[in-house]
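*Asks:* This is the structure I have questions about; it appears just below.
The values are calculated or read from the model by the stated rules, or taken from the named source; none is laboratory data. Nothing here was measured: the structure is a model prediction, and the numbers come from that model. Quick reminder, even Gly has a Cβ in these numbers, built from the backbone with ideal geometry, and neighbours come from all protein chains shown.
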Amino acid sequence: MDIDRYLVAHQASWDRLEELTARARRGIRRLDPDELDELVARYQRTSTHLSYVRTNFDSPALTIRLTRIVAAARGVIYGKRARTVRAVGEFFTTTFPAAVWDARRFVVASFLLTFLPALAMGAWIANSDAALEATAPAALREAYVNEDFESYYSSAPAGQFATEVTVNNIQVSILAFAAGILLCVGAAYVLVLNGANVGVAAGLFVAAGEQPKFWGLILPHGLLELTAVVIAGAAGLRLGWAIIAPGDRRRTAALADAGRRSVVIIMGLVAAFVTAGLIEGFVTGSALPTWARVGLGASVELAFVSYLVVQGRAAAARGITGVLGEVPRGWDDERGWDDERGWDDAPTDGDGPTEGDGGGTAGPQSRPVALTAR
């Protein structure tokens, strides 16, 4: 069955599910018992359609539409579950890493936009007397390397300092994200500027022969902090690229799709920035030996990157791309994940799920608690 025939065969069912979901959102009592059963049945059936479309059709627009329909219906049917601590856990174990993994090409681009300027600027200042002189007078450079850079990390009580740097870093990440809509140029500018500033600081310390001091102060918090900034920049680049190259969709649809995943990334990064801020406030300027401070920062960074890669790849294997409320391939809220059967236990006509009675999932279609316990 080609996509046009598939649309003709199932469009009415999807429209009906949207209608029932919209009425249920205004009040579940607007649906009579038969309509409640119909809502559940059509939700299960449309979830099957979504799985089939993902597997058999190369149509991002249709996949996005069905994902939205299924997510909206799922929110109504399992509304009480979605408001539990479990939903928060699912966000950090699945949705957030999936969104980062889905944007991994933009993460690589963001990394290069940050660290190539940092490397170039640092090498230039460290090896060019003219560049070094252009940064600041000798007395100011000496004060910066010997006192100012280190004293900055103890310039306020640890708790206050951690809060201030966390807020600042979140603002930078939001700026990098929002500026991406300017055809990627805004996000690229923020990333290059941040990288260049890091390179200037590194170059000054290298020129003064104080490299160990610089790395001992920047690495404890900077590894995680810069990683989070790079990922935030990737979210912004994705927004801009959706406008530049929308594919087979209208630019507004492509931008909305990229925006949903990018917002998830920014939400998830708040935890990373809070952690980096705590390290910067309580560890970087502490009396701990350098090896302990750097070791702690490296351990946190390794854990964060490993978490994103492992959880992101696992989520991608289930068909999750990082949209809030997204239903994975093979997932049934009543049965859970079934690697072998997935959603394939619906009757088919050889061309995908049918609209036959009870089509969607096997087993009884009991009404979920969220629709009955009022």
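*Asks:* Would you pick out the residues in segment 14-34 that are more than 15 Å from Ala72 (Cα to Cα) and surrounded by 14 or more Cβ atoms within 10 Å (Cβ to Cβ)?
*Replies:* Matches in segment 14-34: Leu31 only.
*Asks:* Out of Ala162, Ala156, report the one residue that is on the phi < 0 side of the Ramachandran plot, aliphatic (A, V, I, L, M), part of a helix (DSSP H, G or I) and modelled with pLDDT under 90.
*Replies:* Answer to the selection: Ala162.
*Asks:* Taking only segment 206-245 into account, find how many residues are in contact with a Phe, Trp or Tyr (Cβ under 8 Å, 6 or more places away or on another chain) and within 14 Å of Ala258 (Cα to Cα).
*Replies:* 9
*Asks:* Go through (1) in contact (Cβ under 8 Å) with a residue 24 or more places away in the chain; (2) under 30 Å from Tyr152 (Cα atoms) and name the single condition Gln211 misses.
*Replies:* The failed condition is (1).
*Asks:* Further, regarding this structure: In segment 171-189, what residues are farther than 14 Å from Leu112 by Cβ and assigned to a helix (DSSP H, G or I)?
*Replies:* Listed by number, the residues that qualify are Gln171, Val172, Ser173, Ile174, Leu175, Ala176, Phe177, Ala178, Ala179, Val185, Gly186, Tyr189.
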